[in-house]
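What follows draws every value from the coordinates through simple rules; no lab data is involved. Bear in mind that the values here come from a model prediction, so they are computed numbers and not experimental data. In this analysis, Cβ positions are derived from the backbone assuming ideal geometry, glycine residues included, and neighbour counts consider all displayed protein chains.
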Amino acid sequence: MHVIVTGWREWVDPATPEICLNLLEQWSRAADEELVIIHGAARGWDKLCRDWAEWAETQGSRVRHIPYPAPWNLHGKPAGRIRNHRMWSEHWHHTDLCLAGPGPDSIGTIHCMELARQYGCPLWTNQFGAKSISRPPQARLVPEIWTTTGAATDVPPPTTL
């Protein structure tokens, strides 16, 4: 399973991305697939997702991450958008999901989410400040895992696939 993650640079609480990534790892394991996390190598949400991936690798999970740092020195202000386009153009054909954590003024995150929509990729959006995680999109979900893990007890399982 390939997941592009994008989020607010000021996001510091790891709970939301960790819950989401734990579920995605369980679904990947159930499907006997590696979980590949593609991120923009920025602080905040991206770093939290990268840190989780590095931790999961040490735990023996089939997880790896691919960083896409923005070429700020080369392109200046447009570097983030250029990076987002590059991530999507290189991975759109095998990306299963875009995991987004937008916050206030998340211009780059919103841009990456727009690209996900343009490429027809399901979005799992968790807004900064929400009290619980949102329901994931119904693409490629394994309902048995969702209902038996207890990892997201406050979120109802998907009703259909």
| request: Before anything else, pin down the relative contact order of the chain: Cα pairs under 8 Å, at least 6 apart, normalised by residue count, whole percent. | output: 25
| task | Report the convex hull volume per residue for the range 2-131, counting only C-alpha atoms, in Å³. | result | 101
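Neighbouring Cβ atoms within 10 Å as the yardstick, rank ASP96, ASP13, ASP51, ASP32 fewest first.
ASP32, ASP13, ASP51, ASP96
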| query | If you take the beta carbon distance between ILE107 and ALA15 as r and set R0 to 30 Å, what does 1/(1 + (r/R0)^6) give as a FRET efficiency, to the nearest 0.05? | reply | 0.80
| remark: Going from the fewest other Cβ atoms within 10 Å to the most, one would list LYS47, LYS77 as LYS77, LYS47
| note | Exposure-ranked with fewest Cβ neighbours within 10 Å first, VAL5, VAL36 stand as VAL36, VAL5
